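Engineer: This is the structure I have questions about; it appears just below.
The values are calculated or read from the model by the stated rules, or taken from the named source; none is laboratory data. Since the structure is predicted, the reported quantities are computational estimates derived from the model, not experimental observations. Backbone-built Cβ (ideal geometry, glycine too); neighbour counts: all protein chains shown. Quick note on the areas: whole protein, heavy atoms, side chains included, nothing else; ligands and nucleic acids left out. Shrake-Rupley method; radii C 1.70, N 1.55, O 1.52, S 1.80 Å.
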Amino acid sequence: METKNAGADHVRWDLSVFYSGIDDSRLDADIAEHGEKAKHFHARYKGNLEDLLGDAIADFAELEMLKAKIMAYLFLVKSADLGNAAVKAKCAEAEQAVSRAIGEYLVFFELEIIALHDKSLEWHYAVSPVAKKHRPWLEHVRLNKPHVLSEPVEATLAKREPFGDQAWNKFYEEFFSTLRFDFKGEKKTAVETLHILTESKDADERAEAMKIFNDGLGGAFAEYAAQTLYVVAGLKSVNDRDRNYANPMSYRNKDNMVPDAVVNTLHRAVEGVGGPLTRRYYRLKAKHLGLEKIKWSDRNAPMPFADTSVIPFDEALTTVIAAYESFSPTLAGIVRQLAAEKTIDAPAVKGKRGGAFNASFVISGNLPVSFTFLNYLGSNRDVMTLAHELGHAVHGILAGEAQGALMADPPIAYAETASIFGESVTFNFLKERLLAEGNYTSLLALTMENIDAIINTMVRQIGFSNFERRVHGMDASYTKWGEPKKLSVEELDA
């Protein structure tokens, strides 16, 4: 298949709300200011939260907004150009400076919040509007009481953050972005290669693309990936044991305000109900594709009767806005504003991070901002990805306005509710349009594509989770946790 121009080349984000570039003197000034403000915060509030909790929360929010301005900007710049050495150097410089300031001056704050007596907190809720508003945040911080370490240890860990597991993750992404896959004489990126699996109507072509992709992930890259997993799992195991977490999932579950038991039930439900339904669906899909049995490369294949013509980005955006408008003019207005402010980076160009994301922040001045990152190639799936990420975007703007810097960031269940909502609204809008046209063939193709998306969102993610649970030391029955082991590439593949 040919990859045609999706009309997204002109859709690049404008990050001037942060800085004019990585050499902007304001960026260096803000990094220095963050360190000075952190030092002042420490001098004023350490040991004084019993009297000054409300003021401390307000000043801490200012620090968080300044940090968000710095780190969000560098994260976004780097995402669009992972190979840029100057950007990587600036990111490292900022991360080290911010982590040092946190370690030296800010670690005490959450530890002293945790140590406050319940009666003291109730008094602050009664007399301080700031404390009262931030009660959910304070209660969330205090959930970590059984798991915090001493202040000197927490300070040391904060300073070492830039050199920990996240450093391995970042280098993995940079390495992955450089990979190229030789498909029919063309060097394709991972995004372009995987696009063939979702858009080609030729089963042999899909299988060829899958093999080339898998082969391209072998060799030295596979060895590096296996070592990365081992280091990340090992570091996490030590940290979880020291903090007395029940298992490697507990920290994330607690952070997302979901009990371990609920997450375990979700795994069992998807395996017990979602798995059989998925196998049943794949048998149906095989018949529509004219295949006796589908291969892995056929899982996301389009129906033979689906319209796989390239959808220009502007048309996709218009469709998503119209879908949001059918539910809420307010939400549609937010999307229009975000598009007008150039907060979307759409084209699938070499050097970009793979995949898609939305990143929303509250930056200095209590300003909510939201940026959407895509690798748009013009498929129906890409349109739904746009709808998904813009669900996060409108959520980010509304939450930032209502909740402020410390409470705008949602737990994962809330966050994905917003994005799946965006997909659902768009699906229903397109469904109603096809019903009105009497185009039942396209409606069937759309419905099956939506089922593919549901399987990818739920069943595939539980598959990923099971893989991670095994990597982090769980046994094959998913009942006992042990120490993570160093596994070979072949063992990880199995």
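Engineer: What is the local net charge at Glu416, summed over the other residues whose Cβ is closer than 13 Å to its Cβ (Lys, Arg +1; Asp, Glu -1)? Could you put the intermediate results ahead of the total?
Structural biologist: Details: positive: none; negative: Glu389, Glu423.
Value of the local net charge: -2.
Engineer: Using protein chains only and a probe of 1.4 angstrom, how many square angstrom of Trp123 are accessible, to the nearest 10?
Structural biologist: Per-residue accessible area (Trp123): approximately 140 Å².
Engineer: Can you run the Rg to Rh ratio on the range 77-181? Use alpha carbon positions and the Kirkwood inverse-distance Rh. Don't jump to the answer; show the numbers that get you there.
Structural biologist: Details: Rg = 19.0 Å, Rh = 16.6 Å.
Reported Rg/Rh, Kirkwood definition of Rh: 1.14.
Engineer: Distance in nm between label sites at Asn428 and His40, each 7 Å beyond Cα in the beta-carbon direction?
Structural biologist: Those two pseudo-labels are separated by 4.9 nm.
Engineer: Then there's this: Placing unit charges on C-beta atoms (Lys and Arg positive, Asp and Glu negative, everything else neutral), compute the dipole magnitude of the chain about its Cα centre in debye, rounded to 20.
Structural biologist: Here the chain has a charge dipole of around 1000 debye.
Engineer: Counting only protein heavy atoms, what percent of the accessible surface of the range 364-494 is carbon or sulfur at a 1.4 Å probe? Numbers along the way, then the final one.
Structural biologist: Values: 3580 of 6320 Å².
C and S fraction of accessible area: 57 percent.
Engineer: Using 0.36 nm times the number of residues separating Ser20 and Leu487, minus their current alpha carbon distance, what extension gain do you get? Walk me through the intermediate numbers first.
Structural biologist: Working: separation 467, 0.36 × 467 = 168.12 nm, distance 4.53 nm.
Net length gain for the segment: 163.6 nm.
Engineer: Further, regarding this structure: Kirkwood Rh, Cα Rg: Rg to Rh for the range 85-140?
Structural biologist: 1.24
Engineer: For the chain, I need the span (max minus min coordinate) of the C-alpha atoms along each principal axis, in Å, sorted largest to smallest.
Structural biologist: 72, 50, 43
Engineer: Restricting the count to DSSP beta bridges whose residues both fall in the chain, what percent are antiparallel, rounded to a multiple of 5? Provide the component values of the computation, followed by the final result.
Structural biologist: Numbers: 11 of 14 bridges.
Antiparallel bridges make up about 80 percent of those DSSP assigns within the chain.
Engineer: Give the angle, between 0 and 90 degrees and rounded to the nearest 10, that separates the Cα long axis of helix 203-216 from the longest principal axis of the Cα atoms of the chain.
Structural biologist: 40 degrees
Engineer: How many nm separate the modelled label positions at Val231 and Glu315, each set 7 Å beyond the Cα in the direction of the Cβ?
Structural biologist: 4.6 nm
Engineer: Further, regarding this structure: Between helix 260-269 and the chain, what is the angle of the helix's C-alpha long axis to the longest principal axis, kept within 0 to 90° and rounded to the nearest 10?
Structural biologist: On a 0 to 90 degree scale, this one is about 0.
Engineer: Sort 375-384, 112-121 by packing, meaning the average of other beta carbons within 10 Å per residue, with the highest value first. Intermediate results must be reported in sequence, preceding the final value.
Structural biologist: Numbers: 375-384: 22.7, 112-121: 14.0.
Ranked from most to least packed, the peptides come out as 375-384, 112-121.
Engineer: Quickly work out the Val273-to-Ala32 label distance, labels modelled 7 Å from Cα along the C-beta direction, and quote it in nm with one decimal.
Structural biologist: Once both label points are built, they end up 5.9 nm from each other.
Engineer: Compute the angle between helix 85-101 and the longest alpha-carbon principal axis of the chain, please, reported from 0 to 90 degrees and rounded to the nearest 10.
Structural biologist: 40 degrees
Engineer: How big is the dipole moment of the range 208-287 about its Cα centre under a simple scheme where the beta carbon of each Lys and Arg is +1, that of each Asp and Glu is -1, and everything else is neutral? Debye, nearest 20, please. Mind dumping the intermediate values first?
Structural biologist: Values: 12 positive and 8 negative charges, 109 e Å.
Value, rounded to 20: 520 debye.
Engineer: Just for the range 268-396, what percent of DSSP beta bridges are antiparallel, to the closest 5? Before the final figure, lay out the partial values.
Structural biologist: Numbers: 7 of 10 bridges.
Percentage antiparallel, nearest 5: 70.
Engineer: OK, next. If you roll a 1.4 Å probe over the range 298-345 with all protein chains in place, what percent of the accessible area is carbon or sulfur? Mind showing how you got there, number by number?
Structural biologist: Details: 1160 of 2090 Å².
Reported share for carbon and sulfur atoms: 55 percent.
Engineer: Here is a further query. Between the range 8-48 and the range 311-341, what is the C-alpha centre distance in whole Å?
Structural biologist: Distance between centres, Cα-based: 31 Å.
Engineer: Follow-up question, since we're still on this one. Rank by packing, highest mean first: peptides 207-213, 277-283, 293-299, with packing defined as the count of other Cβ atoms within 10 Å averaged across residues. Please report the intermediate quantities before stating the final value.
Structural biologist: Values: 207-213: 17.4, 277-283: 13.6, 293-299: 15.3.
The peptides rank, most packed first, as 207-213, 293-299, 277-283.
Engineer: Using a 1.4 Å probe, what is the accessible area per residue for the chain, in Å²? Before the final figure, lay out each step's value.
Structural biologist: Working: 24710 Å² over 494 residues.
Averaged over the residues of the chain, the accessible area is 50 Å².
Engineer: For Ala322 and Glu104, calculate 0.36 nm times their separation in residues minus their Cα-Cα distance, and state this gained length in nm to one decimal. List each step's numbers first, then the result.
Structural biologist: Details: separation 218, 0.36 × 218 = 78.48 nm, distance 4.98 nm.
Contour length minus the Cα-Cα distance gives 73.5 nm.
Engineer: Just want the answer: with Cβ charges of +1 for Lys and Arg and -1 for Asp and Glu, which residue in Ala8, Gly422, Thr278 is farthest toward the dipole's positive end in the chain?
Structural biologist: Going by the Cα projections, it comes out as Thr278.
Engineer: If the chain between Arg241 and Arg142 were fully stretched, how many nm would it gain, using 0.36 nm times the residue separation less the Cα-Cα distance? Please list the in-between numbers first.
Structural biologist: Working: separation 99, 0.36 × 99 = 35.64 nm, distance 1.93 nm.
Net length gain for the segment: 33.7 nm.
Engineer: Report the antiparallel proportion of the DSSP beta bridges in the range 342-494 as a percent, rounded to a multiple of 5.
Structural biologist: Numbers: 8 of 11 bridges.
Approximately 75 percent, going by the DSSP bridge assignments.
Engineer: To the nearest 20 debye, what is the magnitude of the charge dipole of the range 308-443 about its Cα centre, counting +1 on the Cβ of each Lys and Arg and -1 on the Cβ of each Asp and Glu? Don't skip to the answer; put the middle values down first.
Structural biologist: Details: 8 positive and 13 negative charges, 60 e Å.
Magnitude of the dipole: close to 280 debye.
Engineer: Where the centroid of each part is defined by its Cα atoms, how far is the range 230-264 from the range 159-200 in Å?
Structural biologist: Cα centroid to Cα centroid, the span is 27 Å.
Engineer: Okay, next question. Share of the range 220-266's accessible area from carbon and sulfur, percent, 1.4 Å?
Structural biologist: On the way: 1520 of 2530 Å².
Reported share for carbon and sulfur atoms: 60 percent.
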